[in-house]
1. Please report the antiparallel percentage of DSSP beta bridges with both residues in the chain, rounded to the nearest 5.
2. What whole-number volume per residue, in cubic angstrom, does the convex hull of the C-alpha atoms of the range 18-84 give?
3. In the neighborhood of Thr133, defined by Cβ-to-Cβ distances under 14 Å, what is the net charge if each Lys or Arg adds +1 and each Asp or Glu adds -1?
4. Please report, in debye to the nearest 20, how large the charge dipole of the chain is about its Cα centre when each Lys and Arg carries +1 at its beta carbon and each Asp and Glu carries -1 there.
5. In whole Hz, with x marking every Gly and Pro, tabulate ³J(HN,Hα) for the range 57-62 from phi via Karplus 6.51 cos²θ - 1.76 cosθ + 1.60, θ = phi - 60°.
6. If each DSSP helix of 4+ residues adds -39,500 (n - 2.57) and the sum is divided by the residues in the chain, what number results at 222 nm, nearest 500 deg cm²/dmol?
7. 5 Å is the cut-off here: which amide hydrogens, built 1.01 Å from N in the peptide plane, fall below it relative to Arg113, excluding neighbours closer than 5 in sequence?
8. Identify, among His33, Ile3, Met144, the residue whose Cα sits farthest towards the positive end of the charge dipole of the chain, taking +1 on the Cβ of Lys and Arg and -1 on the Cβ of Asp and Glu, with the dipole about the Cα centre.
Amino acid sequence: MKIGMVCPYSWDVPGGVQVHIRDLAEEFMARGHEVSVLAPGDDDAAMEPYVVSAGRAVPVPYNGSVARLTFGPVSASRVRRWLSDGKFDVVQALDAGYPGIAGRVLDETGQIRRFVNVYVDDDDVRFASGLETPARDGKKVYIMPAVAGG
């Protein structure tokens, strides 16, 4: 199975989310799956061969800490190319396999959070039937943080 995983935080700056995603990716690979991780990071940073840089990370102060994120047209282009080239069977995992993911994707009213994008193949479900958008056999569902900026 081809699995695409998205890390929202800079891969080259150690943190709990990065370690979790790395360990999960390596476990999937040990079980015979092909894995690609898309993460912010400098293009010249040393990263595992399965990690694809989404572009240089920018420090963003928030709530007393600093998150290193990437955004803008270069990152958006890299995300589109990664999704197109990857032809993944699964992107991320859902709440059944990873309890708590639904709380990060959906808000308290059960709608997709403002800064999360969900696609069925190339279609943004916000412009289709929302969470009722059919994902028939052969369709791919992508869940990823919004990429914005300029």
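1. Taking every DSSP beta bridge within the chain, about 60 percent pair in antiparallel fashion.
2. Working: hull volume 6.8 nm³, N = 67.
Taking the convex hull of the Cα positions in the range 18-84, it is 101 Å³ per residue.
3. Details: positive: Arg126, Arg136, Lys139, Lys140; negative: Asp121, Asp122, Asp123, Asp124, Glu132.
That works out to -1.
4. I would put it at about 260 debye.
5. My calculation for the range 57-62 gives 8, 10, x, 10, x, 7 Hz in order.
6. Computed mean residue ellipticity for the chain: -7000 deg cm²/dmol.
7. Hits under the 5 Å cutoff: Leu106, Asp107.
8. Of His33, Ile3, Met144, it is Met144.
Just so you know, all these numbers are worked out from the coordinates, no wet-lab data involved. Nothing here was measured: the structure is a model prediction, and the numbers come from that model. Here the Cβ is made from the backbone with ideal geometry for all residues, glycine too, and neighbour counts use every protein chain on show.
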